[in-house]
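The values are calculated or read from the model by the stated rules, or taken from the named source; none is laboratory data. If you're wondering where the values come from, they're calculated on a predicted model, not measured in any experiment. Counting neighbours? That spans all protein chains shown, and the Cβs are built from the backbone with ideal geometry, glycine included.
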């Protein structure tokens, strides 16, 4: 067993230990979904929608994570992470709980040409959003109508705001936002390349953003299903309503510069420069880099993009100092 230990700790265990059904009613012409690389008999021109999702203990389990094509997990204040889920191949019925915006998240949403959905923000962040080019839906504007955002009585605020996704097209149309777009696909592995992935066998990976073992994120490779299952502490990440587990074809762990920028502990996170990364696919771990390729965050090697497995991807973003290249290997 090897353990990689650092403040944000990564552990992979040597040795061996599909994504959800696609909606094929999104158009008339066949295509390939740009974020999953999965072919569809219907059109693949749905507009991306980027949604801020609460990841605190009180918010788990969440609703709608299973349908997300890509999920970014990044620190907010302290050692708490928040999620931004990108939806394009599937539009779920309900997503939540929804939380507030951060600058680096809405910049990512703009780079992906996604409608950015959040519930509230500090005044300075709201001003930034207003001054940016990102198209957005803010839950504080619709908090009382129950049409776009609904407060669930089973949870207490601020952990109870849920997006009613079926209302998004109507509200988007009212605001003049298009619900279709022409996207270039991310790099994906061909069938031949999928059978020859290099790297060390890794059936289990842990990522810690804090010293609390109950917050340890664990990815476990299911060799039979050829997917990764995700856990926080001993709790598997699954949908609150259906209890279906999140299943991932790609886990991408990337380090980048984080800087605390105010007395509230808010951060600036660098999604431009690139840096070291680990990519998990088919039970194997590769040490690579990450790069910003025309606004998209992709794995890379020697300055060229590396293909993803067709399917869903979870991206854990960790601070550079200390980071992957500060890790200490321990044999057990």
In the set 270, 239, 302, the lone residue that is modelled with pLDDT of 95 or more and closer than 23 Å to residue 113 by Cβ is 270
Residue 58 passes all but one of the listed conditions (1) in contact with a strand residue (DSSP E or B) (Cβ under 7 Å, 6 or more places away or on another chain); (2) assigned to a helix (DSSP H, G or I); (3) under 20 Å from residue 158 (Cα atoms); the exception is number (1)
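Taking the criterion of being part of a strand (DSSP E or B), under 27 Å from residue 243 (Cα atoms), at pLDDT 55 or above and in contact with a helix residue (DSSP H, G or I) (Cβ under 8 Å, 6 or more places away or on another chain), would at least one residue in the range 24-40 satisfy it? Even if it seems obvious, please write down each step before you answer.
We begin by selecting, within the range 24-40, every residue part of a strand (DSSP E or B); these are 31-32, 39-40.
From what's left, under 27 Å from residue 243 (Cα atoms): 39-40.
Keeping just the survivors that are at pLDDT 55 or above gives 39-40.
With in contact with a helix residue (DSSP H, G or I) (Cβ under 8 Å, 6 or more places away or on another chain) added as a condition, the list becomes none.
No, the range 24-40 contains no residue that is part of a strand (DSSP E or B), under 27 Å from residue 243 (Cα atoms), at pLDDT 55 or above and in contact with a helix residue (DSSP H, G or I) (Cβ under 8 Å, 6 or more places away or on another chain).
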In the set 89, 56, 19, the lone residue that is surrounded by 20 or more Cβ atoms within 10 Å (Cβ to Cβ) and at pLDDT below 95 is 19
Of (1) more than 15 Å from residue 94 (Cβ to Cβ); (2) assigned to a strand (DSSP E or B), residue 157 satisfies every one except (2)
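Name the strands (runs of 3 or more DSSP E) wholly inside the range 205-320 in which the number of residues that are under 20 Å from residue 56 (Cβ atoms) is 2 or more. Explain how you work it out, then say what you get.
Numbers: elements: 217-222, 227-232, 250-256, 258-260, 267-269, 275-281, 284-293, 296-301, 313-319.
Those strands (runs of 3 or more DSSP E) span 217-222, 227-232, 258-260, 267-269, 313-319.
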For residue 184, the lone unmet condition from (1) buried (at least 17 other Cβ atoms within 10 Å of the Cβ); (2) within 21 Å of the chain's Cα centre (by Cα); (3) at pLDDT 95 or above is (1)
